[in-house]
Amino acid sequence: MKDIHSLERIVPDEVNGSVQWSAETLELHLERYRFAASHVKGETVLDMACGAGYGAHLLAGTAIGTVKSITAVDIDADCIAYARGRYNHPLISFLQADATTFDDGRKFDSIVSLETIEHLPHTKLFLAQLFQLLSSNGLLICSVPVTPSVDANPYHMHDFTEKQFLKLLVAAGFFIEEKMIQVQPFSPVQVLNKKEKRAESLRKNLSGYYLSHPSALIKRIVSTIRYGFTNRYLVVCCRKK
């Protein structure tokens with residue numbers, strides 16, 4: 001798969017377990033999917049932006065209830081090819097499609113979309129897309145970083161606070177049922193040393209970025225004062241009103 005070590009690609013078979021940050025990042029992703037698996041309901045599940053496919057496979061093996069099919073979608077053809085080979089499961093159909101436009105004519109009882117919305121330019125349109133793909137009273141399980149990430153991660157387009165993201169979900173027509181905060185301490189020295197292959201995709205010339213985006217530096221300073229050297233993530237289960 002191309003870009004197998006990209007900052008935005010978690011591939012469990014390629015994770016360096018001897019690097020603490022890498023192992024912890026994988027565990028956080030797995031914990032999100034376990035949270036999702038404990039909440040999905042109904043027969044049809046959509047995993048939107050499924051990446052390498054390990055999460056859809058976890059859902060297929062652990063989801064509670066009457067799940068009969070999982071549609072796992074990603075825009076990256078290499079990811080989908082890898083997922084079909086590595087995480088094949090009778091319940092899962094892996095499809096290449098754009099998360100912002102995917103619509104195969106079905107309604108889904110549950111949608112899982114983890115660490116997706118921060119990559120997309122039009123957040124409200126994406127949530128509206130998920131809303132219309134859900135069946136009546138359907139569930140959405142989603143997650144976002146809620147400490148600054150845009151400064152260090154060139155793949156991210158938006159920073160959210162917990163309050164901002166919850167407000168966005170409610171405005172899109174969702175009722176918040178349950179939430180979970182994940183906290184990942186990190187060593188700035190280890191991250192900047194880029195001993196983990198994925199860290200090579202971190203933003204180059206961060207000091208230059210801060211010079212041209214001073215508000216990003218202010219957000220980073222405020223977050224560090226409040227939370228220390230940690231990344232925080234919000235995972236939410238919400239219901240279509």
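The values are calculated or read from the model by the stated rules, or taken from the named source; none is laboratory data. Everything quoted here is computed from the prediction, not taken from an experiment. Here the Cβ is made from the backbone with ideal geometry for all residues, glycine too, and neighbour counts use every protein chain on show. These area figures cover heavy atoms from the full protein model, side chains too; ligands, DNA and RNA do not enter into them. Shrake-Rupley method; radii C 1.70, N 1.55, O 1.52, S 1.80 Å.
Any residue in the range 153-176 that is in contact with a Gly (Cβ under 9 Å, 6 or more places away or on another chain), crowded, with 16+ Cβ neighbours inside 10 Å and either outside any helix (DSSP H, G or I) or charged (D, E, K, R) (or both)? Write out each step before concluding.
Of the residues in the range 153-176, the ones in contact with a Gly (Cβ under 9 Å, 6 or more places away or on another chain) are none.
No; the residues of the range 153-176 include none that is in contact with a Gly (Cβ under 9 Å, 6 or more places away or on another chain), crowded, with 16+ Cβ neighbours inside 10 Å and either outside any helix (DSSP H, G or I) or charged (D, E, K, R) (or both).
Within the range 206-231, work out how many residues are under 20 Å from the mean Cα position of the chain (by Cα) and either in a helix (DSSP H, G or I) or surrounded by 17 or more Cβ atoms within 10 Å (Cβ to Cβ) (or both).
Of all residues in the range 206-231, those under 20 Å from the mean Cα position of the chain (by Cα) come to 230-231.
Restricting the remaining residues to those that are either in a helix (DSSP H, G or I) or surrounded by 17 or more Cβ atoms within 10 Å (Cβ to Cβ) (or both) gives 231.
Looking only at that region, the number is 1.
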### First in the range 161-178 and over 18 Å from residue 232 (Cα atoms), second anywhere and open to solvent by 80 Å² or more (accessible area, probe 1.4 Å) and of a type outside the set (A, V, I, L, M, F, W, C), Cβ under 7 Å, 6 or more apart
172/124; 173/241; 174/241; 175/241
### Task
Please state which of the following conditions residue 61 fails to meet, knowing it meets all the rest: (1) more than 25 Å from residue 237 (Cβ to Cβ); (2) out of contact with any strand residue (DSSP E or B) (no Cβ under 9 Å at 6 or more places or on another chain).
(1)
### Residue ID - modelled with the highest pLDDT, chosen from residues in the range 190-205 that are loosely packed, with under 15 Cβ neighbours inside 10 Å and part of a helix (DSSP H, G or I)
200
